[in-house]
Amino acid sequence: MITDSQLQQIMPTLPAAKRQMYLPFLNHALDMFDINTTLRQAAFLAQIAHESGELKFFEEIWGPTAAQKRYEPPSDLAKRLGNTQPGDGKRYKGRGPIQITGRFNYRKYGQLLAVDLEGNPDLASTTQIGFETAGQFWKLNGLNELADVQDFTSITKRINGGLNGLASRQKYYDRAKQVLGAAVSFSSFSLAAAATPQNAPAASFTLLRGQEAIEEDAATLVSSSPPVSTPTPAPTPTPKPSSDSGAGSAAAKKNPIISWLKRLFGWE
């Protein structure tokens, strides 16, 4: 069972009120889906900490961005996600701590949990169902077994389809193992490739969701903004030398004080 103190150390930006609200549902999901050793819990908490911005985001922020527009049919990505109707991209956007995405996954995990997520997708962003979908995804994809041999890279691939945010995930993983007192066996790393279960194929495409989607959007906005140019100051005109010929320079003639002095001393 994860304690409030442990969760605070692993996800330090998560407010105390939310920790108290989440902990019962988190611990229930851990127990429900056999995430019941320190190594399994450390890996699970590390992945959801990254995916959800330390449980800040239970729902993907919708733009739509250019990447999110690909969720809409008739794109290839929409087909993979099972999105068949206009509006399915937003309707079945990433939700929950592990950000399940697409009509197909909402139907699949809803059936496994006996909840109509396809008909009521917003339920996936509630605390109870959110943690349960994350736990169900974890167990169904063989991530407990990967956690047992500390094959954290393969876990990341099965969640993300690639290695996006691996450094961030690894940071949470190292922290969680330390906080939970997970035993680190170096022999586990050498056995990881042989022990990796083969019954759950890695995702064949990468999705940016949750915290990653927000970071991607910010980067896109910065890169697409036109460069700020510093205005070039106008050159300071160089005054022409005055002519001493005749009655004086034009500037002098226009200056009433100089004209008065010339009249006073008889210079005119």
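The values are calculated or read from the model by the stated rules, or taken from the named source; none is laboratory data. Keep in mind that this is a model prediction, so the values were computed, not measured. Every residue, glycine as well, gets a Cβ built from its backbone with ideal geometry; the counts of neighbours run over all protein chains shown.
Within the stretch 54-66, is there a residue that is surrounded by 13 or more Cβ atoms within 10 Å (Cβ to Cβ), of a type in the set (Ser, Thr, Tyr) and over 23 Å from Asp174 (Cβ atoms)? Yes: the stretch 54-66 contains one or more residues that are surrounded by 13 or more Cβ atoms within 10 Å (Cβ to Cβ), of a type in the set (Ser, Thr, Tyr) and over 23 Å from Asp174 (Cβ atoms). Here is a check on your reading of the model: is Leu14 within 16 Å of the chain's Cα centre (by Cα), closer than 17 Å to Gly135 by Cβ and not in a helix (DSSP H, G or I)? No, not satisfied. Here is the figure for the stretch 29-40: residues that are part of a helix (DSSP H, G or I) and closer than 9 Å to Met1 by Cα total 2. Annotation note: of Lys108, Lys90, Lys139, the sole residue that is in a helix (DSSP H, G or I), at pLDDT 95 or above, touching a strand residue (DSSP E or B) at 6+ places or on another chain (Cβ under 9 Å) and among the basic types (Lys, Arg) is Lys108. Looking only at the stretch 142-153, residues that are surrounded by 20 or more Cβ atoms within 10 Å (Cβ to Cβ) and polar (S, T, N, Q) come to 2 in all. Exactly one residue among Ile98, Ile155 is in contact (Cβ under 8 Å) with a residue 12 or more places away in the chain and part of a helix (DSSP H, G or I), and that residue is Ile155. Consider Arg40 carefully, then state whether it is surrounded by 16 or more Cβ atoms within 10 Å (Cβ to Cβ) and without any contact (Cβ under 8 Å) to a residue 60 or more places away in the chain. Criteria not met by Arg40.
Taken residue by residue, the stretch 116-130 has no member that is of a type in the set (Gly, Ala, Ser), over 21 Å from the mean Cα position of the chain (by Cα), more than 18 Å from Leu55 (Cβ to Cβ) and surrounded by 18 or more Cβ atoms within 10 Å (Cβ to Cβ).
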